[in-house]
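Report on the following structure.
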Amino acid sequence: MPIYKVGNTKKDGLQKYHVRINYVADNGQKRQITRSVYEIDVAKDLEKQLENEIKVQQEIPIKKMTVKQLFDEYISIKRYEVREITLEKSSRIIKRYILPILKDIRIDKLSTRVLQDWKLSIEKRNLALTTKRNVFTELRTMLNYAVRMEYIPKHQLAKVWKFQRRFSY
């Protein structure tokens, strides 16, 4: 971001500078902020301050949505993208294994710890490995949808390992 020296304009012996910040707004339009200050050190500080303000404004807004609300929206969208039998299978898996435990938790509060506890509760059930993996995949797909829709910046499920085959030694 540029700092421009303004001709021979001085005040109290200090040089005048324009600080210009270029950025892209949320709606996709290019924007520019220009401020004038005296002295180069003040200009550098102002530049950092303006950049930080823009970063804070442009952070992805986290929508306060529960897993149940996300499920309702996800299924309504998925209805037009997959076959009916696939939709029924996904809905059945989510309703049976994910919603009973996670339905009231906000999606921005799904920490690695919460997801690990959920995984352990699924692990304790006497399910086939393929079923466990299908459940994990459905939750991951639903959280990927939330990231794609910018409800959350990222999800923590990647830090929780997939279900693995048990080995006996």
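Observations, loosely collected:
- The combined condition, being under 20 Å from M65 (Cβ atoms) and not in a helix (DSSP H, G or I), is not fulfilled by Y145.
For every residue, the table says whether it meets (1) aliphatic (A, V, I, L, M); (2) on the phi < 0 side of the Ramachandran plot; (3) modelled with pLDDT under 85; (4) in a strand (DSSP E or B).
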| site | (1), (2), (3), (4) |
| --- | --- |
| G28 | no, no, yes, no |
| R35 | no, yes, no, yes |
| V42 | yes, yes, no, no |
| K68 | no, yes, no, no |
| F71 | no, yes, no, no |
| P100 | no, yes, no, no |
| D104 | no, yes, no, no |
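- Of the set (1) modelled with pLDDT under 85; (2) open to solvent by less than 60 Å² (accessible area, probe 1.4 Å); (3) not polar (S, T, N, Q), all apply to H18 but (1).
- Applying the condition of being exposed (fewer than 13 other Cβ atoms within 10 Å of the Cβ) and of a type in the set (V, I, T) to segment 75-95 and asking which residue is farthest from V160 (Cα to Cα) yields I85.
- Taking segment 96-107 as the range and being surrounded by 11 or more Cβ atoms within 10 Å (Cβ to Cβ) and touching a residue at least 24 places away in the same chain (Cβ under 8 Å) as the test, the residues that pass are Y97, I98, L99, L102, K103, I105, R106, I107.
- So K162, is it surrounded by 11 or more Cβ atoms within 10 Å (Cβ to Cβ), modelled with pLDDT under 90 and within 30 Å of V56 (Cβ to Cβ): no
- Boolean, K109 is over 30 Å from G7 (Cβ atoms), out of contact with any strand residue (DSSP E or B) (no Cβ under 7 Å at 6 or more places or on another chain) and of a type in the set (K, R): yes
- Residue match in segment 123-138 (condition: within 14 Å of V67 (Cα to Cα) and open to solvent by less than 100 Å² (accessible area, probe 1.4 Å)): yes
- Some residue of segment 49-62 being surrounded by 15 or more Cβ atoms within 10 Å (Cβ to Cβ), free of Cβ contacts under 8 Å to residues at least 60 places away in the same chain, in a loop (DSSP other than H, G, I, E, B) and not aromatic (F, W, Y): no
- Test for L110: is it of a type outside the set (S, T, Y), touching a residue at least 12 places away in the same chain (Cβ under 8 Å), touching a helix residue (DSSP H, G or I) at 6+ places or on another chain (Cβ under 8 Å) and open to solvent by less than 50 Å² (accessible area, probe 1.4 Å): yes
The values are calculated or read from the model by the stated rules, or taken from the named source; none is laboratory data. What you are looking at is a predicted structure, and each value in this text was computed from that prediction instead of being measured. Positions of Cβ are generated from backbone atoms using ideal geometry, with glycine treated the same way; all protein chains shown enter the neighbour counts. Ligands, DNA and RNA are stripped out before the accessible areas are found, and what is left, the full protein with its side chains, is counted by its heavy atoms. Shrake-Rupley method; radii C 1.70, N 1.55, O 1.52, S 1.80 Å.
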